[in-house]
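Reading through the structure tokens given below for one structure.
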Amino acid sequence: LVSHWFYICYFWSAIMASITLLYAGILILLSVLLANQVLYVRLRGDKEPEWRDNTVQRVQSNFVENVPLSLFLLFLIEISGVHPHIVHTMGGLLVIFRVLHAWGMSRSPGANYPRLIGAQGTFLLMSIMGFTAIVISILSL
């Protein structure tokens, strides 16, 4: 039993992805903030502009649609041995893009630059991460 526990601990320490853990922690706090923003707007009801209820829901929904997959891919990229600076760059950009998107959508109902940069930046980053994963996979064959 003790040796079994040792191997489990050794296995998890070998795949510990401390960089991804950092960005997952930051993004979960942003997720809680976005969920509370939805609650706040719902509780205020008629005191908020008509467009705000749908917008804050879309901000949170878009976050939930994109961030988990991005974090999972970041984790796989990190444990595959990509240089930590690249992993930090990807994680940092993910946080910046999601904050820009949330801020842009929360301030006005229409299109604006923070929203555009946040959304398109996230999609571009996810594409780069996907391409990186494919290259890593092919090179490891």
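The values are calculated or read from the model by the stated rules, or taken from the named source; none is laboratory data. None of these values were measured; they are calculated from a predicted model. Every residue, glycine among them, receives a Cβ derived from its backbone with ideal geometry; neighbour counts consider all protein chains shown. Accessible surface areas use protein heavy atoms only, side chains included; no ligands, DNA or RNA. Shrake-Rupley method; radii C 1.70, N 1.55, O 1.52, S 1.80 Å.
Observations on the structure shown:
- Hey, Val135 within 16 Å of Val67 (Cα to Cα), out of contact with any strand residue (DSSP E or B) (no Cβ under 9 Å at 6 or more places or on another chain) and surrounded by fewer than 19 Cβ atoms within 10 Å (Cβ to Cβ) or not: no
- Per the listing Val87, Val38, Val56, the residue uniquely modelled with pLDDT of 95 or more and either open to solvent by less than 70 Å² (accessible area, probe 1.4 Å) or over 25 Å from Leu116 (Cβ atoms) (or both) is Val87.
- Selection from segment 64-123 of residues that are within 21 Å of Arg52 (Cα to Cα) and free of Cβ contacts under 8 Å to residues at least 12 places away in the same chain: Glu65, Arg107, Ser108, Gly110, Ala111, Asn112, Tyr113
- Residues of segment 59-84 that turn out to be open to solvent by 70 Å² or more (accessible area, probe 1.4 Å) and either more than 15 Å from Met16 (Cβ to Cβ) or in contact with a Cys (Cβ under 8 Å, 6 or more places away or on another chain) (or both), as a count: 6
- For segment 93-107, a residue qualifies if it is open to solvent by 30 Å² or more (accessible area, probe 1.4 Å), within 15 Å of Val38 (Cα to Cα) and not aromatic (Phe, Trp, Tyr), and exactly one does: Arg107.
- Boolean, Ser31 is assigned to a helix (DSSP H, G or I), farther than 22 Å from Ile134 by Cα, under 16 Å from the mean Cα position of the chain (by Cα) and modelled with pLDDT of 95 or more: yes
- Tabulated pairs, segment 30-50, first of a type in the set (Gly, Ala, Ser), second open to solvent by 40 Å² or more (accessible area, probe 1.4 Å) and assigned to a helix (DSSP H, G or I), C-beta under 7 angstrom, 6+ apart or interchain: Ala35/Gln60
- Checking each residue in segment 4-28 for being of a type in the set (S, T, N, Q) and either modelled with pLDDT of 95 or more or surrounded by 10 or more Cβ atoms within 10 Å (Cβ to Cβ) (or both) picks out only Thr20.
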